[in-house]
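Asks: The structure follows.
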Amino acid sequence: MTGSNKQSPVKMQRDIRFTILGQRGVGKSALVVRYLTHRYIGDYDPDLESVYSQPTRIDDQSITLHVLDTAGEFDFESSSRIEQIRGSDAFVLVYSVTDRSSFIYLHKLKRFIFKSRRDLDRAPTLIIGNKVDLCHLRKVTTQEGVQLAKDYGCAYCEMSASEGFVPVVDAFHDLYREFYRAEKRAKVKKITSRLQLRQTIKNFTDRHLYRSRTNTL
């Protein structure tokens with residue numbers, strides 16, 4: 001009987017969930033569609049919420065990226081919204097550089113995320129200042145966007161969904177890389193905690209045995 005051919009191991013396809021948040025009209029859907037199709041579409045139903053799924057490869061990782069494009073008036077008291085936040089692996093907060101109210105609105109969104117989950121060290125956030133092509137209408141400076149991201153410990157970039165797909169793809173892929181790094185850090189932290197606990201138990205046991213032996217002498 002001839003030897004069978006060895007097959008290379010099959011890598012699992014991972015499911016990663018991004019949630020896109022921001023006020024109406026900031027270009028959330030345009031950014032998502034740019035990423036998925038590389039095409040620009042300017043008009044969307046502001047009340048149509050969608051989940052898009054697309055297999056992709058980032059570095060040597062095969063993943064299926066599920067993107068929740070939120071829409072409508074955001075209900076901060078909704079239990080379903082809380083569950084969406086808790087089930088997300090990373091967040092994209094979008095504002096328009098031409099609309100200061102959409103920039104201020106991110107504070108409310110970030111507070112809601114903080115309130116909804118405790119493991120934010122495993123769920124990175126990217127802040128996007130969209131519509132930079134409308135520079136003559138700019139109301140929020142780049143420095144303000146950078147400072148906001150610094151205050152919240154987030155990544156930050158500016159772009160225009162109407163001008164090209166490469167910056168959008170790069171931003172989404174960098175967010176996944178940060179998620180992957182955060183996941184690895186969490187695993188190392190968990191292993192370290194277990195080792196420390198074992199060492200603590202061992203030290204306690206050793207001390208107890210030493211005292212027991214001393215008392216019997």
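Asks: Which one is nearest to E178 (Cα to Cα), of the residues in segment 49-104 that are assigned to a loop (DSSP other than H, G, I, E, B) and of a type in the set (S, T, Y)?
Replies: Looking at residues that are assigned to a loop (DSSP other than H, G, I, E, B) and of a type in the set (S, T, Y), I get S88.
Asks: Only one of these is open to solvent by 60 Å² or more (accessible area, probe 1.4 Å) and not aromatic (F, W, Y): R117, R100. Name it.
Replies: Selected residue: R100, the only one of R117, R100 that is open to solvent by 60 Å² or more (accessible area, probe 1.4 Å) and not aromatic (F, W, Y).
Asks: Only residues that are over 27 Å from F112 (Cα atoms), of a type in the set (V, I, T) and in contact (Cβ under 8 Å) with a residue 60 or more places away in the chain: list them for segment 25-84, please.
Replies: I58, I63, listed by residue number.
Asks: When segment 53-74 is examined, which residues are found to be open to solvent by 80 Å² or more (accessible area, probe 1.4 Å) and within 21 Å of H107 (Cα to Cα)?
Replies: Scanning segment 53-74 gives a single hit, E73.
Asks: Let me ask something else. Given the options S50, S80, S88, name the one that is at pLDDT below 95, of a type in the set (G, A, S) and either within 18 Å of the chain's Cα centre (by Cα) or open to solvent by less than 60 Å² (accessible area, probe 1.4 Å) (or both).
Replies: The unique qualifying residue is S50.
The values are calculated or read from the model by the stated rules, or taken from the named source; none is laboratory data. In this text the structure is predicted, and so the values were computed from the model without any measurement. Please note: Cβ atoms are built from the backbone with ideal geometry, for glycine as well, and neighbour counts cover all protein chains shown. These area figures cover heavy atoms from the full protein model, side chains too; ligands, DNA and RNA do not enter into them. Shrake-Rupley method; radii C 1.70, N 1.55, O 1.52, S 1.80 Å.
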